[in-house]
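Please read the structure below before turning to the comments.
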Amino acid sequence: MDYNVYQEHIKVLNEKIGMPEEYGANVLEYCKKICADDAMSSKYLEIQDKYFNQQESETIEDIHSFADEHGFEKHMLTLTFCEMYSLYTLEIYKMRNYPMDVFYDSFKDLVIWGNVCKNQHGIFGIANYGWVSEQIRATMFRLGRLQFHYITYNEETYTHAGVTVKKGDTVLNIHIPEGESLTAEKRLDSYRKAYKFFGQTGNAVFVCDSWLLYPGHKEFLDPKSNILGFMSDFDVTSYRDKNSSEGFGDSWRIFGFLDSYAPETLPRNTGLQKAYAKRFEENGKVGAGFGIFIFDGEKRL
């Protein structure tokens with residue numbers, strides 16, 4: 001394994017995705033040690049091969065064992081592996097003629113999840129390995145503000161604007177990475193980019209399953225909220241309720257990682273935090289919803 005090749009690639013990657021210099025230096029240090037040792041290099045390539053053969057759930061255990069054996073911090077080593085994997089991902093992009101700006105935009109997730117790891121564990125790295133696997137294997141892409149990938153539709157048959165969607169159909173799924181506001185302009189820009197990137201023709205089907213699509217938001221969020229704007233893009237066909245802040249699995253997205261989500265202890269630094277904290281104090285329900293819409297390449301139908 002040629003460290004110079006990895007070094008050049010990782011330096012460019014980290015500059016493009018906004019990786020903090022301190023953590024980029026840590027990645028390069030780990031990478032250099034791996035490349036300089038034949039046994040570690042061989043093991044890395046074995047793990048990489050498993051990873052790109054859809055076995056990422058097994059490889060996280062391999063990485064943690066690798067860290068224990070050679071004295072690496074496991075979350076930083078996981079980030080290092082992800083950045084080293086990305087050299088292979090880059091070849092996939094080139095082979096498929098995907099735009100390079102999409103490559104770098106998609107890999108910004110490493111910084112997002114690096115910060116999540118730091119907030120959760122006190123160490124910058126990757127703890128939520130599965131969340132970045134689709135970007136690394138070039139199946140999920142950040143196109144503007146939002147992320148998209150193909151999934152198999154598994155909901156009840158849906159018909160709108162002359163389009164019928166049934167179980168087993170392939171649809172475009174939307175993920176909402178942490179970041180800037182979900183304005184109407186940015187949402188529409190992303191839908192148009194996804195339609196073009198995935199080579200859609202005619203009417204495309206977009207879906208999303210998220211806490212952002214909980215219908216009850218209409219009861220306690222500001223009417224001008226971008227969350228309500230995003231929800232209005234969809235026909236929300238189903239939802240799930242949760243009865244408390246402790247039982248709501250997405251509380252950390254709103255308040256950060258806390259030892260307790262008891263309403264009286266919650267921070268109230270943003271409008272969203274204030275709205276959710278008050279909702280919890282009033283024992284109001286929260287939850288998540290599944291939504292769908294039809295898009296013709298320029299607008300929702």
Cβ under 11 Å from Phe72's Cβ, Phe72 left aside: what net charge do those residues give with Lys, Arg +1 and Asp, Glu -1? -2
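Of all the accessible heavy-atom surface of the chain, with the other protein chains kept in place and a 1.4 Å probe, what percent is carbon and sulfur?
Roughly 45 percent, rounded to a whole number.
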Cα convex hull of segment 242-301: mean projected area in nm², to one decimal? 5.6
Which entries of Lys11/Lys196; Lys33/Lys74; Lys43/Lys74; Lys193/Lys218; Lys224/Lys274; Lys16/Lys196 show an alpha-carbon separation above 21 angstrom in the structure shown? Lys11/Lys196; Lys193/Lys218; Lys16/Lys196
Could you give the DSSP H helices of the chain that reach 30 angstrom or more along their long axis (alpha carbon positions) and whose average Kyte-Doolittle hydropathy is no lower than 0.0? 74-96
When the helices in the chain are scored as -39500 (n - 2.57) per DSSP H run of 4 or longer and the sum is shared across all residues, what 222 nm value do you end up with, to the nearest 500 deg cm²/dmol? -15500 deg cm²/dmol
Cα-only Debye scattering, segment 103-205: base-10 log of I(q)/I(0) at q = 0.13, 0.23 Å⁻¹: -0.56, -1.24
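Per Stokes-Einstein, at 25 °C and 0.890 mPa s, what whole-number D in µm² s⁻¹ belongs to segment 147-192, with the Kirkwood radius over Cα pairs as the hydrodynamic radius?
197
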Give me the distance in nm between label points sitting 7 Å out from Cα along the Cα-to-Cβ direction at Ala25 and Thr270, one decimal. 3.0
Longest site-free stretch - the chain; sites: GluC sites (Glu not before Pro), DSSP loop, at most 14 other Cβ within 10 Å: 1-155
Stretchable slack from Tyr150 to Glu178, in nm (0.36 nm times residue separation minus alpha-carbon distance): 8.0 nm
Between Asp68 and Arg240, the two model label points (7 Å from Cα along the beta-carbon direction) sit apart by a distance in nm of 3.2
At 25 °C and 0.890 mPa s, grab the translational diffusion coefficient of segment 125-270 from Stokes-Einstein with a Kirkwood Rh over Cα pairs, rounded to a whole number in µm² per second. 142
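Calculate the dipole size of the chain relative to its Cα centre from +1 charges on Lys and Arg beta carbons and -1 charges on Asp and Glu beta carbons; express the result in debye to the nearest 20.
1140
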Just to confirm, what accessible area per residue do you get for segment 139-285 at 1.4 Å probe, in whole Å²? 52
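Provide the gained length on full extension for the span Glu298 to Lys32, in nm with one decimal, where the gain is 0.36 nm per separating residue minus the Cα-Cα distance.
Length gained, Glu298 through Lys32: 91.0 nm.
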Would you work out the relative contact order for segment 104-159, in percent, from Cα pairs under 8 angstrom that are 6 or more residues apart? 28
For the chain, what's the relative contact order in percent, using C-alpha pairs closer than 8 Å and at least 6 residues apart? 14
Förster radius 25 Å - calculated FRET efficiency between Asn4 and Asn119 (Cβ-Cβ, nearest 0.05): 0.15
Could you run the Karplus curve 6.51 cos²θ - 1.76 cosθ + 1.60 with θ = phi - 60° over segment 147-161 and give me ³J(HN,Hα) per residue in whole Hz, x for Gly and Pro? 10, 9, 7, 6, 9, 8, 5, 9, 9, 5, 4, 10, 10, 7, 6
Of the convex hull enclosing the alpha-carbon atoms of the chain, the direction-averaged projected area in nm² is 16.6
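The values are calculated or read from the model by the stated rules, or taken from the named source; none is laboratory data. Everything numeric here is computed off the predicted structure, so don't read it as measured data. No Cβ is skipped: glycine too gets one built from the backbone with ideal geometry, and neighbour counts run over all protein chains shown. These area figures cover heavy atoms from the full protein model, side chains too; ligands, DNA and RNA do not enter into them. Shrake-Rupley method; radii C 1.70, N 1.55, O 1.52, S 1.80 Å.
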